[in-house]
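The values are calculated or read from the model by the stated rules, or taken from the named source; none is laboratory data. These numbers were taken from a predicted model, which means no experiment stands behind them. So basically every Cβ, Gly included, is an ideal-geometry build from the backbone, and we count neighbours across all protein chains shown.
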Amino acid sequence: MGKICNIYKSSKEKEMYLYVEKKDDFSIIPEELLKRFGEPIFVMKIAISEDMKLARVDPNDVLKMIKEKNFFLQMPPIENFELTSLHRKNSKF
């Protein structure tokens, strides 16, 4: 079964997103998380279903966390340390 979600991007962390059911309701978000996240910037409202394709997260994980915690936090991608180090080593800049 799907769910309507409101997606917000972080004003502090690049590529960090917060999914909540109720638009502009952050009362369920832990205070420490909101401090790190910064001012939520509305991105879109979307109906998420188990079989849909999302860019970097499994829709089942999103739906499970929203059911359990009433929100889902999409973290920024983790850079591959070895590739980053190699790129910096071989870069002319």
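Inspection of the range 46-53 finds no residue satisfying the criterion of being in contact with an Asp or Glu (Cβ under 8 Å, 6 or more places away or on another chain) and farther than 18 Å from Lys69 by Cα.
Here Ile78 meets each of (1) closer than 13 Å to Lys3 by Cβ; (2) out of contact with any strand residue (DSSP E or B) (no Cβ under 8 Å at 6 or more places or on another chain); (3) among the β-branched types (Val, Ile, Thr) with one exception, condition (1). Of the strands (runs of 3 or more DSSP E) lying entirely inside the chain, the ones with 2 or more residues being loosely packed, with under 12 Cβ neighbours inside 10 Å and either at pLDDT below 95 or under 13 Å from the mean Cα position of the chain (by Cα) (or both) are found at 41-48.
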